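**Q** I'd like to ask you about the structure that follows.
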């Protein structure tokens, strides 16, 4: 895999030279200095490359990382491209929006068919460590919060779809952004963020208990991006990453404050002499701290320092532990060693100043720690011999953008089955840097493989709210008291009509079916015939011939399972495929091509092991994950030296957790009232009011992926959610009239593509 100019040995020059910033060219307007939340000292913001090597070795010794794996990471960070990235000023990492490759494909569809739609996206923190509780952060860390608000404002001044991003999409994703779309994006820009009142209430007892355990509040302020659909959509993934970065910075501040208070408490009393070397010196003793640097609920003198409670370490020999948080969410890793007796280390003793504390949790230390965690994670995944393709879906929840870049470079070379990255951001930054290094054009792209991606729930949530009248009409024609969900199918058809199905045979057509539950999508897609207008459109544009007898289910070769119990949902999908193939054979038609299953709901390496041990019939073809390959190990003291292994055995070592944060489309607005004739006999598109908000349900019983507008009155939100659940349940279980459902879907497709009911200026 191409990584710039080859360098197989981490040279003495790289290890020992003081870092110096490279000469870099201009790459468009960026948010600049607002990217640095905690406003650290200038020297702390720079990666100390020699110390990075030393600390990586320390973590490797402490966590028993195989020497070959450590060597691989050292070789990577010695390459010219990695050295250049390590030396970049932090603000330069924020010149591009943190976007995934699927975004521009959806934006092409929005520009073509939904140009008149406006939308709201709301940032929701499902779970955060107590120091990063967004309800308390403004008062607890006003400087951090003010810097975060400034960085959010700076995002709206960042130019979307720069030439580097356009070239990355062209060369690595086969996507050409129309000039009209680029002009619109550059004119409208990225939607600004406003802070509005949230009336959110936990949707389940499990979620409520989790929030109470973390000391977090349900109500408070919510960040909302409002504007034209594309403009608001552009804010989603960058703001999520900014909050994750804020959560890390808030925990760093809390850990430093805790250490300072503990150390100050020690210096106010005479210290006992160090014990003589003996076996007893490692036993529990009131004269010693119970963890490195007194990272426990009390200082060495028993005083209670302010700040968050300690995060204790699970006694497990695995390099990853599972912390309590909502189902389906990712966890940060923990050490590979079993915890033994406590040790006293240098930083726990008096006499160490603030500089030692700052260097313990600074960017260099955090990067060394997280890279060690990455090596452990990749080794564990490779050890499974899973035989699957792997798509790296990292970016929006990344703990640090520099880490994201190195993570992609490392996985591209060393993660078994690696098939590409979803991060347009990563490919654009690497393309810029390789270009600046003077590499030939053909060598500036593709260093982390091809871009990969599907599409997102936002398009289904938006279409369902905008055109819910068609769902109601489909239910009415089926003689049912509830709607039938044709709009999720419509969203998929519009995406395919715009972007194709991955070739003339449609082999890349992907279903993301869980927005209103996979069960509902399966039932309606097996019932609904493919609209004739859609068949004409994709054949004319892409040469994709779809037979007249095809049902919408037949279109999808890849099914992305993103929530719920994978084994149960994959069984539903395979049973539907087997049933439909049997129907076709009974009618004298060829059976469907084999399905491919993608699992993008993986929270841990143990999850990967579990799904890869399933029966081959439902085993995933592709594994897609991001956050499980991010996070931190419990931190070690600065100068462990030969005692690194013993240091890893200390309980109550400080660590940093990743937040669970989402930003979802919660409101979509029509450009005008639907014209008469939409939705059949009801004249106004099926009749009835639009739903109170856009909704996402997800699969599973926990409600962990449910999304409503957090600004709504709780009773109004509950009513809208109940209606969506009933419609999904009814669509999945009711006897559906195929002719009626097919007719309404065809009418909805014509309304959007022929009559332009969602366009700013109809044809």
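The values are calculated or read from the model by the stated rules, or taken from the named source; none is laboratory data. As the structure is a prediction and not an experimental result, all values here were calculated from the model. Reconstructed Cβ throughout: ideal geometry from the backbone, glycine too, with neighbour counts over all protein chains shown.
**Q** Name every residue in the range 437-485 that is under 27 Å from residue 667 (Cβ atoms), touching a strand residue (DSSP E or B) at 6+ places or on another chain (Cβ under 9 Å) and part of a loop (DSSP other than H, G, I, E, B), in order of residue number.
**A** Those that are under 27 Å from residue 667 (Cβ atoms), touching a strand residue (DSSP E or B) at 6+ places or on another chain (Cβ under 9 Å) and part of a loop (DSSP other than H, G, I, E, B): 453, 454, 455, 456, 467.
**Q** Scanning for something surrounded by fewer than 16 Cβ atoms within 10 Å (Cβ to Cβ) and in contact with a helix residue (DSSP H, G or I) (Cβ under 8 Å, 6 or more places away or on another chain), does the range 584-591 turn up at least one residue?
**A** First, the residues of the range 584-591 that are surrounded by fewer than 16 Cβ atoms within 10 Å (Cβ to Cβ): 585-591.
Next, from what is left, pick out any that are in contact with a helix residue (DSSP H, G or I) (Cβ under 8 Å, 6 or more places away or on another chain): 590-591.
Yes; the residues of the range 584-591 include at least one that is surrounded by fewer than 16 Cβ atoms within 10 Å (Cβ to Cβ) and in contact with a helix residue (DSSP H, G or I) (Cβ under 8 Å, 6 or more places away or on another chain).
**Q** Something else now. Return yes when residue 540 is surrounded by fewer than 23 Cβ atoms within 10 Å (Cβ to Cβ), more than 32 Å from the chain's Cα centre (by Cα), at pLDDT 95 or above and more than 20 Å from residue 704 (Cβ to Cβ) and no when it is not. Talk me through it step by step, then tell me what you get.
**A** On the way: surrounded by fewer than 23 Cβ atoms within 10 Å (Cβ to Cβ): yes; more than 32 Å from the chain's Cα centre (by Cα): yes; at pLDDT 95 or above: yes; more than 20 Å from residue 704 (Cβ to Cβ): yes.
Yes.
**Q** Which of the following residues is in contact with a strand residue (DSSP E or B) (Cβ under 9 Å, 6 or more places away or on another chain) and either farther than 26 Å from residue 710 by Cα or surrounded by fewer than 21 Cβ atoms within 10 Å (Cβ to Cβ) (or both): 128, 132, 101? Give the derivation first.
**A** Details: 128 fails: either farther than 26 Å from residue 710 by Cα or surrounded by fewer than 21 Cβ atoms within 10 Å (Cβ to Cβ) (or both); 132 fails: either farther than 26 Å from residue 710 by Cα or surrounded by fewer than 21 Cβ atoms within 10 Å (Cβ to Cβ) (or both).
Every option except 101 fails the conditions.
**Q** If you check residue 524 against the conditions, is it touching a helix residue (DSSP H, G or I) at 6+ places or on another chain (Cβ under 8 Å), surrounded by 24 or more Cβ atoms within 10 Å (Cβ to Cβ), modelled with pLDDT of 95 or more and not in a helix (DSSP H, G or I)?
**A** Details: touching a helix residue (DSSP H, G or I) at 6+ places or on another chain (Cβ under 8 Å): yes; surrounded by 24 or more Cβ atoms within 10 Å (Cβ to Cβ): yes; modelled with pLDDT of 95 or more: yes; not in a helix (DSSP H, G or I): no.
No: the conditions fail for residue 524.
**Q** Another one. What is the residue count in the range 553-576 for residues that are assigned to a helix (DSSP H, G or I), out of contact with any helix residue (DSSP H, G or I) (no Cβ under 8 Å at 6 or more places or on another chain) and either surrounded by 16 or more Cβ atoms within 10 Å (Cβ to Cβ) or modelled with pLDDT under 95 (or both)? Show your work before the answer.
**A** Initial filter on the range 553-576 (assigned to a helix (DSSP H, G or I)): 553-555, 566-576.
Going one step further and asking which of them are out of contact with any helix residue (DSSP H, G or I) (no Cβ under 8 Å at 6 or more places or on another chain), we end up with 568, 570-571, 574-575.
Retained after the next criterion (residues that are either surrounded by 16 or more Cβ atoms within 10 Å (Cβ to Cβ) or modelled with pLDDT under 95 (or both)): 570, 574.
Within the range 553-576, residues that are assigned to a helix (DSSP H, G or I), out of contact with any helix residue (DSSP H, G or I) (no Cβ under 8 Å at 6 or more places or on another chain) and either surrounded by 16 or more Cβ atoms within 10 Å (Cβ to Cβ) or modelled with pLDDT under 95 (or both) number 2.
**Q** Something else now. For residue 501, only one of the following conditions fails: (1) farther than 16 Å from residue 109 by Cα; (2) out of contact with any strand residue (DSSP E or B) (no Cβ under 6 Å at 6 or more places or on another chain); (3) not in a helix (DSSP H, G or I). What is its number?
**A** It fails just one condition, (1).
**Q** Name the pairs: first residue in the range 464-485 and under 14 Å from residue 739 (Cα atoms), second residue at pLDDT below 95 and assigned to a loop (DSSP other than H, G, I, E, B), Cβ to Cβ under 9 Å, at least 6 apart or on different chains?
**A** Partner pairs satisfying both residue conditions: 473/679; 473/685; 473/686; 473/687; 474/679; 474/686; 476/686; 476/687.
**Q** Can you say whether residue 665 is modelled with pLDDT of 90 or more, more than 30 Å from residue 600 (Cα to Cα), touching a helix residue (DSSP H, G or I) at 6+ places or on another chain (Cβ under 8 Å) and surrounded by 20 or more Cβ atoms within 10 Å (Cβ to Cβ), as far as the supplied structure shows?
**A** Numbers: modelled with pLDDT of 90 or more: yes; more than 30 Å from residue 600 (Cα to Cα): no; touching a helix residue (DSSP H, G or I) at 6+ places or on another chain (Cβ under 8 Å): yes; surrounded by 20 or more Cβ atoms within 10 Å (Cβ to Cβ): yes.
Taking the combined requirement at face value, the residue does not satisfy it.
**Q** Being crowded, with 16+ Cβ neighbours inside 10 Å and assigned to a strand (DSSP E or B) is the filter; apply it to the range 190-220 and report the residue that is modelled with the lowest pLDDT.
**A** 220
**Q** Then there's this: So which helices (runs of 4 or more DSSP H) stay within the range 49-128 end to end and still have 2 or more residues that are at pLDDT 95 or above and either within 29 Å of residue 226 (Cβ to Cβ) or under 20 Å from the mean Cα position of the chain (by Cα) (or both)? Outline the logic, then answer.
**A** On the way: elements: 49-62, 67-77, 80-87, 102-113.
Fully inside the range 49-128 and qualifying: 102-113.
**Q** I want to confirm something. Restricting to the range 145-174 and keeping residues that are in contact with a strand residue (DSSP E or B) (Cβ under 6 Å, 6 or more places away or on another chain) and assigned to a helix (DSSP H, G or I), which single residue is farthest from residue 194 (Cα to Cα)?
**A** So in the range 145-174, the residues in contact with a strand residue (DSSP E or B) (Cβ under 6 Å, 6 or more places away or on another chain) come out as 152, 172-173.
Narrowing the set further to residues that are assigned to a helix (DSSP H, G or I) leaves 152, 172.
Numbers: 152: 10, 172: 35 Å.
This residue is 172.
**Q** In the list 452, 429, which residue meets the criterion of being closer than 26 Å to residue 510 by Cα and modelled with pLDDT of 95 or more? Step through it out loud before you land on a result.
**A** Values: 429 fails: closer than 26 Å to residue 510 by Cα.
Step by step, each of 452, 429 is checked, and only 452 is closer than 26 Å to residue 510 by Cα and modelled with pLDDT of 95 or more.
**Q** Something else about it: Out of the residues in the range 698-738 meeting the condition of being in contact with a helix residue (DSSP H, G or I) (Cβ under 7 Å, 6 or more places away or on another chain) and not in a loop (DSSP other than H, G, I, E, B), tell me which one is surrounded by the most Cβ atoms within 10 Å (Cβ to Cβ).
**A** Restricting to residues being in contact with a helix residue (DSSP H, G or I) (Cβ under 7 Å, 6 or more places away or on another chain) and not in a loop (DSSP other than H, G, I, E, B), the top hit is 731.
**Q** Further question: If we scan the range 508-515, do we find a residue that is assigned to a helix (DSSP H, G or I) and either modelled with pLDDT of 95 or more or at negative phi (or both)? Working first, answer last.
**A** Within the range 508-515, the subset assigned to a helix (DSSP H, G or I) is none.
Within the range 508-515, not a single residue is assigned to a helix (DSSP H, G or I) and either modelled with pLDDT of 95 or more or at negative phi (or both).
**Q** Oh, and also: Before we move on, is residue 381 touching a strand residue (DSSP E or B) at 6+ places or on another chain (Cβ under 9 Å), more than 24 Å from residue 96 (Cβ to Cβ), modelled with pLDDT of 95 or more and outside any strand (DSSP E or B)?
**A** Values: touching a strand residue (DSSP E or B) at 6+ places or on another chain (Cβ under 9 Å): yes; more than 24 Å from residue 96 (Cβ to Cβ): yes; modelled with pLDDT of 95 or more: yes; outside any strand (DSSP E or B): yes.
Here the answer is yes, as residue 381 does meet what is asked.
**Q** For residue 400, work out the one condition from (1) under 14 Å from the mean Cα position of the chain (by Cα); (2) at pLDDT 95 or above; (3) closer than 22 Å to residue 89 by Cβ; (4) buried (at least 24 other Cβ atoms within 10 Å of the Cβ) it doesn't fulfil.
**A** (4)
**Q** Going by the structure shown, is residue 177 under 30 Å from residue 754 (Cα atoms), modelled with pLDDT of 95 or more and in a loop (DSSP other than H, G, I, E, B)?
**A** Judged against the criteria, residue 177 is a match.
**Q** Okay, next question. Give the range 577-612 a look and list any residue that's more than 28 Å from residue 505 (Cα to Cα) and part of a helix (DSSP H, G or I), or say none.
**A** Of everything in the range 577-612, those that are more than 28 Å from residue 505 (Cα to Cα) and part of a helix (DSSP H, G or I) turn out to be 605, 606, 607, 608, 609, 610, 611, 612.
**Q** Which numbered condition trips up residue 686, out of (1) modelled with pLDDT of 75 or more; (2) closer than 29 Å to residue 559 by Cβ; (3) crowded, with 24+ Cβ neighbours inside 10 Å?
**A** So residue 686 meets the others, but not (1).
**Q** Yes or no: residue 671 over 30 Å from residue 560 (Cα atoms) and either at pLDDT below 85 or in a strand (DSSP E or B) (or both)?
**A** Answer is no for this residue.
**Q** May I ask you to verify whether residue 650 is part of a strand (DSSP E or B), modelled with pLDDT under 95, in contact with a helix residue (DSSP H, G or I) (Cβ under 6 Å, 6 or more places away or on another chain) and surrounded by 18 or more Cβ atoms within 10 Å (Cβ to Cβ)?
**A** Values: part of a strand (DSSP E or B): no; modelled with pLDDT under 95: yes; in contact with a helix residue (DSSP H, G or I) (Cβ under 6 Å, 6 or more places away or on another chain): yes; surrounded by 18 or more Cβ atoms within 10 Å (Cβ to Cβ): yes.
No, not satisfied.
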